[in-house]
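Everything on this sheet refers to the single structure shown next.
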Amino acid sequence: MDKTQFIQRLTILVLTVTTSITVPAAIVSAQEAPARQQRDQQRDGQSPALTKSAADQYLLKDNDRQLTEFEKEQRPADEPLPIPSEEDLIKLLSKGSSSRGDRKACLAKLPLDKLTPANRTNAEYVLKDISMFRVLPKIHTDVNHAAYAYFIAHPDVVVSIWRQMQLSEFKMWQTGPYSYEVDAGDGTLGTLDVIYQTPTESIVLCSGVYKSPLIAKPISARALLHLQTEYFPGDNQKQDSISHQVTMYVSFPSQTVEVAAKILAPVSNAILDRNFKEVSIFMHMMSLAMERQPGWVERLASNLEGILPIRRPQLLKVAARVYIDGKQRQQAGAYKPQQPPQPIDSVSQTDGKAPRTLPRNLKVQPVSRAQSPM
């Protein structure tokens with residue numbers, strides 16, 4: 001998938017978050033309303049991942065749906081939807097580099113002494129014959145730390161979300177506590193092993209092979225990825241943020257392939273840098289979606305494929321935490337997003353007088369805007 005297609009797909013997520021439209025088909029006809037109301041009643045409070053109290057704070061309520069419908073109805077038809085630029089989503093702290101000086105500096109930062117003997121041997125196998133080196137751009141972005149840590153610990157969930165959003169056909173399966181198998185869908189197969197991981201560092205050993213009827217022999221390669229992350233906790237004045245950077249060391253057994261890779265380095269380096277920016281934007285947007293549109297994340301999680309069953313409820317719990325963190329910041333007055341026009345609550349608008357007491361056994365049925373005479 002090229003850059004243009006990726007941006008188009010990513011824009012769908014951007015619009016979902018920035019316009020606060022929870023359900024794409026939010027406006028329904030009067031004939032469809034009863035069926036939707038019945039589905040909403042069946043769905044209310046039913047979350048396999050959350051306790052009832054957490055679900056009450058997390059799951060979308062009927063009044064939330066009505067407000068988003070109200071906002072959409074009040075929006076002028078010709079009003080353009082705001083699309084944030086890349087500079088609004090991420091901040092570039094340093095550019096990517098393949099210089100010898102950066103290579104030497106990055107090698108010195110590798111915590112090889114903290115690896116097990118077997119993992120260190122595998123890592124040094126790549127480092128002793130480096131065919132290609134690249135330190136990707138250092139990027140700073142706002143992202144909830146709980147969401148970031150979850151995605152870093154479970155990359156297969158990220159890949160599954162990409163497939164569900166039709167951003168990529170890439171596939172990844174967890175085959176062990178720290179190992180994965182991958183299929184890029186273009187003839188590339190491989191394995192990933194996380195050989196070292198702390199909250200601020202991750203080292204991944206990759207081994208892959210590319211097969212195609214256009215080449216006589218498969219192309220194999222081994223790579224070592226070193227992710228470094230800095231965390232900047234938010235408070236009542238700002239959101240959580242991180243800065244991260246990945247260093248890549250690639251070894252090609254074939255000298256012919258190595259020469260070809262060096263010739264194509266200017267193009268491949270630009271692609272690598274761009275991919276890392278897109279991954280960073282994805283992290284930011286998913287955190288924002290969890291904070292502002294947890295219902296969208298809930299529906300997304302229910303459709304994820306190729307992951308362990310436990311990952312779905314884990315994702316929902318992370319979304320609930322991010323959502324509650326965002327609400328707490330709003331209540332503290334950290335930031336004040338534009339509020340849509342609020343419908344009048346006829347029960348509480350009683351000129352200072354307490355509303356009449358309702359019977360305890362009274363059940364109030366949610367009413368959708370399509371059914372409302374107003």
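The values are calculated or read from the model by the stated rules, or taken from the named source; none is laboratory data. None of these values were measured; they are calculated from a predicted model. Note that each Cβ is placed from the backbone with ideal geometry, even for glycine, and that neighbours are counted across all protein chains shown. The protein model used for the area step is the full one, side chains on, heavy atoms only, and it has no ligands, DNA or RNA in it. Shrake-Rupley method; radii C 1.70, N 1.55, O 1.52, S 1.80 Å.
Annotations
- Residue match in region 293-311 (condition: closer than 15 Å to Asn144 by Cβ and modelled with pLDDT of 90 or more): yes
- The lone exception for Glu258 - which of (1) of a type in the set (Asp, Glu); (2) more than 26 Å from Ala147 (Cβ to Cβ); (3) free of Cβ contacts under 8 Å to residues at least 60 places away in the same chain it fails: (3)
- Exclusive hit being closer than 20 Å to Ser280 by Cα, at pLDDT 60 or above and among the hydrophobic types (A, V, I, L, M, F, W, C), set Leu112, Leu89, Leu107: Leu89
- Of Pro218, Pro266, Pro253, all but one fail to be free of Cβ contacts under 8 Å to residues at least 60 places away in the same chain and within 23 Å of Leu127 (Cβ to Cβ); the exception is Pro253.
- The condition of being surrounded by 20 or more Cβ atoms within 10 Å (Cβ to Cβ) and either among the charged types (D, E, K, R) or not in a helix (DSSP H, G or I) (or both) does not hold for Ile281.
- Qualifying positions in region 219-238 - more than 20 Å from Val135 (Cα to Cα) and assigned to a strand (DSSP E or B): Ile219, Ser220, Phe232
- Failed item, numbered, when Val267 is tested on (1) under 18 Å from the mean Cα position of the chain (by Cα); (2) surrounded by fewer than 20 Cβ atoms within 10 Å (Cβ to Cβ); (3) of a type in the set (A, V, I, L, M): (1)
- Residues of region 189-231 satisfying the condition of being out of contact with any Lys or Arg (no Cβ under 8 Å at 6 or more places or on another chain), more than 15 Å from Thr247 (Cβ to Cβ) and hydroxyl-bearing (Ser, Thr, Tyr): Thr191, Thr198, Tyr210, Ser212, Ser220, Tyr231
- Considering residues of region 200-218 that are outside any strand (DSSP E or B) and farther than 16 Å from Glu181 by Cβ only, the residue least open to solvent (accessible area, probe 1.4 Å): Ser212
- Residue in region 158-195 that is nearest to Ala118 (Cα to Cα), counting only those that are open to solvent by 80 Å² or more (accessible area, probe 1.4 Å) and not in a strand (DSSP E or B): Tyr178
- Residue check: Leu136 meets all listed conditions (1) aliphatic (A, V, I, L, M); (2) closer than 30 Å to Asp325 by Cβ; (3) surrounded by fewer than 15 Cβ atoms within 10 Å (Cβ to Cβ) but one, namely (3).
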